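The next block holds one structure in the form of structure tokens; read it before the comments.
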Amino acid sequence: MDIHELARHLDFANHHPNATISDIQTLCDQVAKHGFHAAFVNPIHVAYAKKILGKSGIVGTVISFPLGQDRVDIKITSALKAIEDGADELDIVPNTASLLTDPKGTSYVEEMVQIVRAIRQENAVTIIKFIIETGYLTQEHIQTAARLIKDSCADYVKFATGMGPKGATLEDLALIKDVVGPDMKIKVAGGVDTYQEAVDFIEAGVTRIGTSKAIEIISNTKPT
């Protein structure tokens, strides 16, 4: 795959707890230099990243990350504040435990619907992704979560956070695609660190890849 085409699939991310302003400056510089799709930063750095990249650059952030166990009103407030700061895309973690305790996922989807509604009222063009933390779930749970994310009217289903017990796998991708169909966009994260891994996911139908190893991926080298 052409490196420039590959770069457009990559969200270059720095969600480390020790990320500094200098680190975010470097991240954004690399996004602009290599043509990565977006810079993904923690909420505290959204306004700074947007200032660097300007109107032509895409900035994303994470909400209730990585646990997903904030109250829904706090998730909504966090999402709206991120939009106010300039976030173009939001990767949001639902409450995985609610899916484990209710096989039908009633509260799981109700939470997501509330969040989507609040965001759409504020900014209709904000891209919304909900993250399935697949490492805690059975195959049946994963498919239920994917179906409910589609039902919520989010733009993407994403898996995983990259901080759970398991990252993205092609097997889980197949499970999710079987439920959401060919039109729902899918993002993966966690463990996609090399050129070949990235290409394999894209060829299998992934639209976007979140990674802190974007430079290594386009350099076609395996990070140490």
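For the pair the stretch 1-77 and the stretch 137-202, the centres of their Cα atoms are 19 angstrom apart.
Diffusion coefficient (Stokes-Einstein, Kirkwood radius over C-alpha pairs, 4 °C, 1.567 mPa s) for the chain: 75 µm²/s, rounded to a whole number.
Taken per residue, the accessible surface of the stretch 1-85 reaches 51 Å², heavy atoms only and a 1.4 Å probe. Take every pair of alpha-carbon atoms less than 8 Å apart whose residues are at least six positions apart; their mean separation over the length of the chain yields a relative contact order of 17 percent. Counting only pairs 8 or more residues apart or on different chains, how many lysine pairs in the stretch 49-195 have their Cα atoms under 13 Å apart? Going through the stretch 49-195 pair by pair, I get 12.
When the helices of the chain are scored as -39500 (n - 2.57) per DSSP H run of n ≥ 4 and the total is divided over every residue, the value at 222 nm lands at -13500 deg cm²/dmol. Of all the options 89, 171, 197, the one that moves most in a Gaussian network model of the chain with Cα springs shorter than 10 angstrom is 171. Each residue of the stretch 72-83 was assigned a 3J(HN,Hα) from its phi angle through the Karplus expression (A = 6.51, B = -1.76, C = 1.60, θ = phi - 60°), giving 4, 5, 6, 4, 5, 4, 4, 5, 5, 5, 4, 5 Hz with x at Gly and Pro.
Overall shape: prolate for the stretch 57-174, with the ratio a/c of the largest to smallest alpha carbon gyration tensor axis at 1.5 or above and a/b above b/c.
For the chain, give the percent of accessible area contributed by carbon and sulfur heavy atoms, probe 1.4 Å, rounded to a whole number. Taking all protein chains in place, the chain shows 51 percent carbon and sulfur surface.
The values are calculated or read from the model by the stated rules, or taken from the named source; none is laboratory data. As the structure is a computational prediction, the values presented were derived from the model and not from experiment. Surface accessibility is based on the protein's heavy atoms, side chains included, excluding ligands, DNA and RNA. Shrake-Rupley method; radii C 1.70, N 1.55, O 1.52, S 1.80 Å.
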